[in-house]
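What follows is a short report on a single structure.
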Amino acid sequence: MKPLDIQKLAKIKDSADFFEYCVNIFCNKLEKPNWVIKNENAGFRYKNPTLEHFQMLMAVKIVSTLHASVCLLKEGHCQEAGVLVRVITELTAKILCAEEAYENKDLGTMRTKLEKEYFQHDITCEEDLFNNQKWWVSMDSIHSAYAKSIVKNTKAKDSHGFMKMAKAVYDIYTGYVHGFYSSIMETYEGRTERFSMNNLKDTIRQAEMVGGVFRTLVPIFSAFLSISKRLGLKELENEITIKWKSFIASAEYTTK
């Protein structure tokens, strides 16, 4: 990797560590889960989960996925890192969609799905796989809410443009999940006339995917800022704002 890509990877790791710090503060603000035994299985569950719990759980998964992406990128597993970019973008959009559901009464159905149905979709045994209600949310609704939230937090004007961008990014990285033709062909090497199925270290694909993960960070800052505001964490809100400003002023972010 080029020096700039190495610096970007270090920035992703630093951001993941900061976001993990934020999530721990979110958790301390919310009700703690209880140890529950259900269907002869046991695990931690929340007694009265709310929309704030939903946002926090999405944040937990984002941080975990960011940490995993750093490991994959270091070893050149670009296709697999692409899958994780798709995961991160969807989870981030869901946090911002939940924020929109708080503020917009017209999203009552969406709030029900995020706050009620999500927590009812609880698989604890094999029987639940067949009897549990399927949980889903329209990605068009999520991308629309995501775009509005980004516009609000960045003071930009074109929410439609952000929505188109969010959908485009989602569709591009969906190719790594479902094995789209164009995605798999990225692993073919003309020099060896073989598919590279071990890693793509020191190739343009590695640099591109570092950039892909790197670009998820700004929306994550926006999502985590919205959670801190919702939970009344003024001090953390200031910390996130300072960290965000420092990030977008960094050489890694400003250098094209």
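When you scan region 1-31, how many residues do you find that are over 30 Å from Lys234 (Cβ atoms) and acidic (Asp, Glu)?
So the first thing to find is which residues in region 1-31 are over 30 Å from Lys234 (Cβ atoms), and the list is 1-9.
Among the residues that remain, those that are also acidic (Asp, Glu) are: 5.
Adding up the residues that qualify gives 1.
Could you say whether any residue in region 224-236 is touching a residue at least 24 places away in the same chain (Cβ under 8 Å), under 28 Å from Lys2 (Cα atoms) and of a type in the set (Ser, Thr, Tyr)?
Within region 224-236, none of the residues are touching a residue at least 24 places away in the same chain (Cβ under 8 Å), under 28 Å from Lys2 (Cα atoms) and of a type in the set (Ser, Thr, Tyr).
Filter region 165-181 down to residues that are at pLDDT 90 or above and of a type in the set (A, V, I, L, M, F, W, C) and give me whichever is nearest to Ser144 (Cα to Cα).
Val177
Output the residue which, of all residues in region 182-204 that are touching a Gly at 6+ places or on another chain (Cβ under 8 Å) and closer than 30 Å to Ser144 by Cα, is surrounded by the fewest Cβ atoms within 10 Å (Cβ to Cβ).
Per the stated criteria, the residue is Ser182.
Report yes if Ser222 is over 17 Å from Tyr21 (Cα atoms) and of a type in the set (Ser, Thr, Tyr), otherwise no.
Details: over 17 Å from Tyr21 (Cα atoms): no; of a type in the set (Ser, Thr, Tyr): yes.
Spelling it out, it is not the case that Ser222 is over 17 Å from Tyr21 (Cα atoms) and of a type in the set (Ser, Thr, Tyr).
State all residues of region 24-68 that are loosely packed, with under 14 Cβ neighbours inside 10 Å, free of Cβ contacts under 8 Å to residues at least 40 places away in the same chain and not in a strand (DSSP E or B); if no residue qualifies, say none.
Scanning region 24-68 gives Asn24, Asn28, Glu31, Lys32, Lys47, Asn48.
The values are calculated or read from the model by the stated rules, or taken from the named source; none is laboratory data. Everything numeric in this text was worked out from a predicted model, so none of it was measured. All Cβ positions, glycine included, derive from the backbone under ideal geometry; neighbour counts span all protein chains shown.
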